[in-house]
Amino acid sequence: DINMRNIEFNNDEFYHIYNRGTDKRNIVMDENDVERFFSALKILNTINPVGSLYENRFRKDNEIESKDQLVEIIAYCLNRNHFHFLLKQKVDDGIVKLMQRFGTSFTKYFNHKYKRNGVLFQGKFKAKHINTNEYLLHLSVYINLNNLTHYSELGSQTSKLNRNSWEEYVGKSNNRICSLNTILEQFKGTQDYECFAKETLEMIRKRKYSILELDFEDLEAGLPNLGELK
């Protein structure tokens, strides 16, 4: 069976996907690694056969048809030693196929570049079904602002290698990976979403513990009900 987890991935449903480096090691070491990470994520997200990632990097964005995608990427966050994705599955086994392709491709790249062997990520990727719209909206903030636990200004970064989809949501990025409409169509505009995100972040910070600082053992046990933050 392609999916060995105790979770069923259904088409048109949303999932929080996350993992970290084995032994909490870094999974990106420089800007080239970050570029490769997102190139792989974007190029491998297709129902069609994929050849060389190097060759595919020269395709125009409009050659990657939305109708051919395995998943819709709603939000993402890459930190030096872990990542979070918010995904909507579009075709049967789309999430598992993408994550298997991505994990294999990026591990081969990383191991070749840094002359190492073995696994890069800590086991199989982790997944949680997002079963309410309220949860979906708050989770988009959690992922978009994952780097901002200790910063008050939106757009601050804890590392130059950290990346998230926040700039896509506020119209400051020309490199589009996300499908934004799922979230933004529920707000009057980007400024309205930005206000919602700031309020949500403040509510997260006021909890006895910060959702943004939960370790992965806590995440595997299931995130707190983000709807409680409203």
| Residue selected from the stretch 160-203 under the condition in contact with a Cys (Cβ under 7 Å, 6 or more places away or on another chain) and among the polar types (S, T, N, Q), by the criterion surrounded by the fewest Cβ atoms within 10 Å (Cβ to Cβ) | Asn164
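Looking at the structure I just gave you, is Glu55 within 23 Å of Leu184 (Cβ to Cβ), surrounded by fewer than 17 Cβ atoms within 10 Å (Cβ to Cβ) and modelled with pLDDT under 95?
Numbers: within 23 Å of Leu184 (Cβ to Cβ): no; surrounded by fewer than 17 Cβ atoms within 10 Å (Cβ to Cβ): yes; modelled with pLDDT under 95: yes.
Criteria not met by Glu55.
Which residues, taken from the stretch 25-50, are over 21 Å from Val71 (Cβ atoms), open to solvent by less than 70 Å² (accessible area, probe 1.4 Å) and out of contact with any Phe, Trp or Tyr (no Cβ under 8 Å at 6 or more places or on another chain)? Explain how you work it out, then say what you get.
Initial filter on the stretch 25-50 (over 21 Å from Val71 (Cβ atoms)): 25-26, 28-33.
Next cut, open to solvent by less than 70 Å² (accessible area, probe 1.4 Å) only: 26, 28, 30, 33.
Hits for the stretch 25-50 are Asn26, Asp30.
The values are calculated or read from the model by the stated rules, or taken from the named source; none is laboratory data. These numbers come from a predicted model, not from an experiment. Using ideal geometry, Cβ is built from the backbone for each residue, glycine included, and neighbour counts are taken over all protein chains shown. We work out accessible area using only protein heavy atoms, side chains counted, and drop any ligands, DNA or RNA first. Shrake-Rupley method; radii C 1.70, N 1.55, O 1.52, S 1.80 Å.
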